Every structure is written in C-alpha cells, then in structure tokens.
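Chemist: The structure is given below, and queries will be raised subsequently.
Where a number appears in this text, it was derived from the coordinates with a stated rule and is not lab data. From a predicted model like this one, the values you see are computed outputs, not experimental measurements. Every residue, glycine as well, gets a Cβ built from its backbone with ideal geometry; the counts of neighbours run over all protein chains shown.
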Amino acid sequence: MESQTGLAAKYGLAGVFVGVIFTFMIGVNGGFLMTKSNSEKKAHAAVLANEANICVAQISSGPNAQENLKSFKAMNFTQRDEFIEKGGWSRMPGATAGDGEVARQCAEKLAAIEDK
C-alpha cells in the first residue's frame, strides 16, 4: 500500500505533465505559440510581400511607366511574370538576379490594381 504523500506526488506530477502538454497544444493550435518553421514561413511571406510592393513601385514610377503598364495589361497570365523578370523589376536593389516568386506576386498586385 502506498502512502497518501506518495499517491499525491504521483498524481500531482502526472497532472503537471498533462497540464504542460495541453498548454503547449492550446498555445500552438490557438496561434499563441509558433514553431520555428511557421515563423520562418511567415517571415519569408512578409519579405516577399514587401519585395513585391517594391517591384510594383519600380514599374509604376520608372521611365516609360505608362507604356510598361499598357504592355502588362495586354499580356496574358503566363507572360506577365516573364515580362516583369525581363524588365528587371523583380530584382531587388543589391541583388544580381530577379526572383520568380517576387515576379509572380508583383504581377498579381499589378493585376489587382488594373482591375480597380
């Protein structure tokens, strides 16, 4: 037979363990805690969104902006990313090459602007 203190310690530790596990589960699933991979994905998405905004600004305010926007509007969906990459607008200052993901998001933002 176990003593009352031994049982209390045994069930108390089990309760603490289960409580910690449930706290982490609720925290992660509720969005209060974030795993490293999720935080890296969100940071990458935020950087891409900012770079796409820079791309839109470069096209909209650069030389021949009106001609470039007219050409962009005349293109179909598959040609737009390539147009942006060839124009160099998806290349960020200091980078040596353009980014295809930036070009895609930039094209989506320009298409959304043109629809308004």
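Chemist: Output the residues belonging to the range 1-34 that are more than 23 Å from the chain's Cα centre (by Cα), of a type in the set (Gly, Ala, Ser) and not in a helix (DSSP H, G or I).
Modeler: Ser3, the sole residue that qualifies.
Chemist: Among the residues of the range 83-108, what is the count of those that are charged (D, E, K, R), in contact (Cβ under 8 Å) with a residue 12 or more places away in the chain and more than 15 Å from Ala49 (Cα to Cα)?
Modeler: Summing the residues that are charged (D, E, K, R), in contact (Cβ under 8 Å) with a residue 12 or more places away in the chain and more than 15 Å from Ala49 (Cα to Cα) in the range 83-108 gives 1.
Chemist: Same structure, new question: Would you confirm whether or not the range 82-94 contains a residue that is of a type in the set (Gly, Ala, Ser) and touching an Asp or Glu at 6+ places or on another chain (Cβ under 6 Å)?
Modeler: Checking the range 82-94: at least one residue is of a type in the set (Gly, Ala, Ser) and touching an Asp or Glu at 6+ places or on another chain (Cβ under 6 Å).
Chemist: Which one is farthest from Gln105 (Cα to Cα) among residues in the range 61-88 that are in a loop (DSSP other than H, G, I, E, B) and either in contact with a helix residue (DSSP H, G or I) (Cβ under 8 Å, 6 or more places away or on another chain) or among the β-branched types (Val, Ile, Thr) (or both)?
Modeler: Gly62
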